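One structure is given here, and the rest of the page talks about it.
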Amino acid sequence: MKEIQFSIEINASKEIVWATLWEDITFRDWAGIIDEGTYMNGVMNEGNEIQFVSSVNGYGVTSLIEKLNLNEYVLFRHSADTKESGQEEREKEWTGGKESYSLTEKDGITTLIVKTDVPQEQEETFKARLPKALERIKTLAEKKQ
């Protein structure tokens, strides 16, 4: 796995950006750019497991919410690769990887930094799609102002 990192400045409070990241309707909007039909199943609390699943192919990942500071930071550790809409395990392509979202705000501008471990064969796909997803998060959050 290789860690990649991207950041974007958003003209919105970190509370609005956080809501844009994790509310179901907006999450599905931006996450679908990375993997079509992606949705989140579970409750965002530190120590909980949550699933990210594609409604298109049923593949996804189960992740532990290792650290959570509301409106500021979340760290996911991928604990299992899944298929059949999260019901069965599959090859361990993502297992053990980390993914974090960090938000800092200054003068009404929030900087969002995303760090994620990706399998080497997925690196180019994520380098192409993740910046587009961040642009979508920016657009959605700035509309909420």
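As a check on your grasp of the helix formula, calculate [θ] at 222 nm for the chain: sum -39500 (n - 2.57) over DSSP H runs of n ≥ 4, divide by the residue count, round to the nearest 500.
Helix contribution divided over all residues of the chain: -9000 deg cm²/dmol.
In a shell of Cβ-Cβ distance under 14 Å around Ala141, excluding Ala141 itself, what net charge do Lys and Arg (+1) and Asp and Glu (-1) give?
-2
So, with a 1.4 angstrom probe, what is the percent of accessible area on the chain that is carbon and sulfur?
44
Suppose every K and R has +1 on its Cβ and every D and E has -1 on its Cβ; what is the size of the dipole of the chain about the Cα centre, in Debye to the nearest 20?
So the dipole magnitude of the chain works out to roughly 340 debye.
Using the Cβ atoms and a cut-off under 13 Å, what net charge is assigned to the surroundings of Arg129, where Lys and Arg are +1 and Asp and Glu are -1?
Summing Lys and Arg as +1 and Asp and Glu as -1 gives -2.
Only sites in a loop by DSSP and with at most 11 other Cβ atoms within 10 Å count here; which GluC sites (Glu not before Pro) in segment 1-89 make the cut?
Loop-located and lightly packed - Glu36.
From Cα pairs below 8 angstrom and at least 6 apart in sequence, can you work out the relative contact order of the chain, rounded to a whole percent?
Normalised by residue count, the contact order of the chain is 31 percent.
Considering Cα pairs under 8 angstrom that are at least six residues apart, work out the relative contact order of segment 1-73 and quote it in whole percent.
Dividing the mean separation by the residue count of segment 1-73 yields 22 percent.
The values are calculated or read from the model by the stated rules, or taken from the named source; none is laboratory data. Treat the numbers as computed from the prediction; the structure is a model and nothing was measured. Cβ atoms come from the backbone with ideal geometry, glycine included; neighbour counts cover every protein chain shown. The accessibility values were calculated without ligands, DNA or RNA, using every heavy atom of the protein model including side chains. Shrake-Rupley method; radii C 1.70, N 1.55, O 1.52, S 1.80 Å.
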